[in-house]
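These notes are about the structure you will find just below.
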Ligand SMILES: [Cu+2]
């Protein structure tokens, strides 16, 4: 926890504005910038000119160490962004906050706020970003502009009450899986890489993700770990201790990202999406078993060489897998047959996970992951325009909405692989304990991992990637966060 120096007077006030005053001197306290607006409205305001000029000037600035350069923000993302790990939402909220401050500095317009792109209403990238005129700073080369097939309503299902990665049924994990990752993948180009902030649409995409987090949390904050403020640690969850880092000399105390108002941010529209937009685009997308289809058929099982179970590390064991799974423009299932001892070990792991004891017996495996190891993306696959939805033990044919809740593991595309490579490996791990424990079966002799291809407007043909091994791993890691949540005081509000 950072320990700001504050006088007794400010302590008693204890308000968000008092906090802003002391811990971040570069916040314009009392500043009157309005809410962040959806692009279609934003572009009709006087701030549009400020925004347009600021983006142009930042992209022209080659001084990578200066916050006023575009490259500074790309570097901050490449070096520090957490994808598929804790604080994904918190980190990006702070990132947008500092980026917005910079837009104000560069434009000299203190009323400028970052616009967002509500793709649940307008599933095509705004035309201002797709005009290739050489003097258009909003333009970069992309693979596609329509993200309809990335949209997903399941993060907003009434059962999604927990917030952070590592808890069961967590909003952060779900919204990162979709729509967040597929939007990156379907747009493609730099958006399918960790250099994605090079594309100005990145900031509008993340503006929307941030807005959706706030919309989801309303009205009571759901189960976001509580923090009153850093001055009353007894009522604050340890989750919010520490800082988010953007550069060696640019950090933000984590708790500041608890609520947008704590960084003087608000949104013009705080509604959760409740339906998908009509698909009335100029280039209608051909669905390839997309997640929106009413019936989802399990893709055919491919022939893959088995990979034997073995120890992976002191506390991790593979129960078995398959090798060399090539992915192309079709959907495929990989079937892993577990020998009897392995399938018993899986059952034992699930019963330890499901037991109500706070601690597993020492050394007992208690979590299951599906691991995609040694993923190699082809040249054409790296350009994006597609992704795969991954399902576990999908029935031969099932309703797509309930499949999304019961069998969905996550997404796989060039963006996820780029994120994994950036965190040090070409391996993606998908927590599977919760899905398997909820499966109402004890027969785990076969584990089927289905990769369901979803296309954008301009999908690549042929081989996109090759997965060296898909395996089932058990480990002594916690299957989910078992610690008692910090209780929210009765008087506390999410405000
Ligand atoms: Cu992103």
Practice problem: Mind checking which strands (runs of 3 or more DSSP E) fall wholly inside the range 305-348 and carry at least 1 residues that are modelled with pLDDT under 95? | Solution: none
Quiz prompt | Selection from the range 105-114 of residues that are surrounded by fewer than 20 Cβ atoms within 10 Å (Cβ to Cβ) and outside any loop (DSSP other than H, G, I, E, B) | solution = 105
Practice problem: State whether the residues of the range 51-65 include one that is crowded, with 19+ Cβ neighbours inside 10 Å, touching a strand residue (DSSP E or B) at 6+ places or on another chain (Cβ under 7 Å) and touching a residue at least 24 places away in the same chain (Cβ under 8 Å). | Solution: no
Quiz item: Residues in the range 409-442 that are touching a residue at least 12 places away in the same chain (Cβ under 8 Å) and in a loop (DSSP other than H, G, I, E, B): how many?
Solution: 8
Practice problem: Would you check if residue 168 is more than 15 Å from the ligand (Cβ to nearest atom), more than 23 Å from residue 377 (Cβ to Cβ) and in contact with a strand residue (DSSP E or B) (Cβ under 8 Å, 6 or more places away or on another chain)? | Solution: yes
Quiz prompt | Elements of type helices (runs of 4 or more DSSP H) in the range 1-64, at least 2 residues being at pLDDT 50 or above | solution = 39-42, 47-60
Exercise. For residue 185, state whether it is over 12 Å from the mean Cα position of the chain (by Cα) and either within 12 Å of the ligand (Cβ to nearest atom) or outside the structural domain of residue 43 (by TED's automatic domain parsing) (or both).
Key: yes
Quiz item: Looking at residue 240, is it under 21 Å from residue 483 (Cα atoms) and either more than 13 Å from the ligand (Cβ to nearest atom) or assigned by TED's automatic domain parsing to the domain that holds residue 114 (or both)?
Solution: yes
Self-check item: Checklist (1) crowded, with 21+ Cβ neighbours inside 10 Å; (2) within 22 Å of residue 165 (Cβ to Cβ); (3) over 17 Å from the mean Cα position of the chain (by Cα) applied to residue 414, failing item
Solution: (3)
Self-check item: Residue in the range 454-475 that is farther than 22 Å from residue 307 by Cβ and in a strand (DSSP E or B) present
Solution: yes
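The values are calculated or read from the model by the stated rules, or taken from the named source; none is laboratory data. Just so it is clear, the structure is predicted and the values come from calculations on it, not from any experiment. Cβ atoms come from the backbone with ideal geometry, glycine included; neighbour counts cover every protein chain shown.
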